[in-house]
Amino acid sequence: MKLGVVGTFVWDTIWTLEDVQAGQPFQTWGGVAYSLAAAAAVRPDGWEIVPIVKVGADLADEARRFMAGLPGIDPQSGILVVPEPNNRVELRYTDDSRRGERLTGGVNAWTWDELAPRLQGIDALYVNFLSGFEMELETAERLRASFDGPIYADLHSLFLGCPGAGIRQMRSLPQWERWAACFHAIQLNEDELAMLGASPDASAASPVDQLLDRGPGLVLLTRGGEGATAAVRAGFPGDPLRWPGWRMQEGTPVRTTTIPPAAGRLPGDPTGAGDVWGTTFFASLLSGMDVVDAVRRAHRFAGRKMEVRGATDLYAHLASAPGDAAAGEATDAATG
């Protein structure tokens, strides 16, 4: 398996409530670094992780050094160094999970001509919208039309308005119907779902069902300490909560299940936990887990991330997770 990871390297300056009290922010690699560290930690033996990222020339050497410390990841393949300054984000938390973001930097979106050659030999693709400018809508549509494997997307920063002098603001996603049709599986959180821009008509289907109606076969709604809700279309051969559910039949019913984390809400640094969650879930699904067990494994690894600040030392902490199982856990799918 060759798993491609599309994202953006970000240098993070993080202000939690404790950092504000101390008068000192925490600085670390962030952005796609969280996904790459998680992919290296959870990949089955023999898997290759291929970063498909642009890096500003000012931080290119540091990014390569970070990737060189991750097994199964080629620090050269898929990387495009650009002359613009690398992306930097200042994160200021207002409570233990919500935050404001200020983005600076000039790394531009992938064009189709740049992206297409880097997809050769890739079996599955994880797309993490960390700046929100990883690719334009037209490029995403060409990706869906041209790429044969499953495409998983964390839509996170597509819901953030353009950067400027102030904090980036949450917004409804323009042309969300077209974006939803670009991916086989979609991840978003409750705040993002509320900003989706789907029909507010009480007689209409739920926002999750409206997403599924536009083309993806699987929607993952992350809910912080409450866990995650998976909504998947049934009707394909075998277990209706089993990959490859992205090859769905149109018009089939939707099954949903909510899986809480075993330990409930955990203390710690939540920055990057959603990236670790999504990467772990997708890799677990591709390796043969059903949806429910993949969600449970994602909960565990996201919880492990909460114990570590930043991405710089994250791989070693995730890789040492005790008693991790890649497959074979019992599934108890609740319908709703």
| Filter pass, Val20 being outside any strand (DSSP E or B), aliphatic (A, V, I, L, M), touching a Lys or Arg at 6+ places or on another chain (Cβ under 9 Å) and surrounded by fewer than 19 Cβ atoms within 10 Å (Cβ to Cβ) | yes
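Could you list all residues from the stretch 106-121 that are assigned to a loop (DSSP other than H, G, I, E, B) and crowded, with 20+ Cβ neighbours inside 10 Å?
In the first step, residues of the stretch 106-121 are kept if they are assigned to a loop (DSSP other than H, G, I, E, B); the result is 106-109, 111, 120-121.
Val107, the sole residue that qualifies.
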| message | Within the stretch 78-95, take every residue that is surrounded by 16 or more Cβ atoms within 10 Å (Cβ to Cβ) and part of a loop (DSSP other than H, G, I, E, B) and give me the one that is farthest from the chain's Cα centre (by Cα). | response | Asn86
| task | Keeping to the stretch 210-227, report how many residues are in contact with a strand residue (DSSP E or B) (Cβ under 6 Å, 6 or more places away or on another chain) and either touching a residue at least 60 places away in the same chain (Cβ under 8 Å) or basic (Lys, Arg) (or both). | result | 3
| Any idea which of (1) without any contact (Cβ under 8 Å) to a residue 40 or more places away in the chain; (2) in contact with a helix residue (DSSP H, G or I) (Cβ under 8 Å, 6 or more places away or on another chain) is the one Glu62 doesn't satisfy? | (2)
| task | May I ask you to list the residues in the stretch 208-220 that are closer than 16 Å to Trp176 by Cβ, surrounded by 22 or more Cβ atoms within 10 Å (Cβ to Cβ) and modelled with pLDDT of 85 or more? | result | Leu211, Val219
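To keep it simple, each residue is scored yes or no on (1) at pLDDT below 90; (2) within 17 Å of the chain's Cα centre (by Cα).
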{"position": "Arg265", "(1), (2)": "yes, no"}
{"position": "Pro270", "(1), (2)": "yes, yes"}
{"position": "Gly288", "(1), (2)": "yes, no"}
{"position": "Ala294", "(1), (2)": "no, yes"}
{"position": "Lys305", "(1), (2)": "no, yes"}
{"position": "Leu318", "(1), (2)": "no, yes"}
{"position": "Gly323", "(1), (2)": "yes, no"}
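For the stretch 31-53, give me each residue that is in contact with a Ser or Thr (Cβ under 7 Å, 6 or more places away or on another chain) and either touching a residue at least 60 places away in the same chain (Cβ under 8 Å) or not hydrophobic (A, V, I, L, M, F, W, C) (or both). Break it down into steps so the answer makes sense when it comes.
At the first step, the residues of the stretch 31-53 found to be in contact with a Ser or Thr (Cβ under 7 Å, 6 or more places away or on another chain) are 31-32, 35, 38-39, 42, 44, 50, 53.
Those that are in contact with a Ser or Thr (Cβ under 7 Å, 6 or more places away or on another chain) and either touching a residue at least 60 places away in the same chain (Cβ under 8 Å) or not hydrophobic (A, V, I, L, M, F, W, C) (or both): Gly31, Val32, Ser35, Ala38, Ala39, Val42, Pro44, Val50.
The values are calculated or read from the model by the stated rules, or taken from the named source; none is laboratory data. This structure is a prediction, so every number in the text was calculated from the model and none was measured. Backbone-built Cβ (ideal geometry, glycine too); neighbour counts: all protein chains shown.
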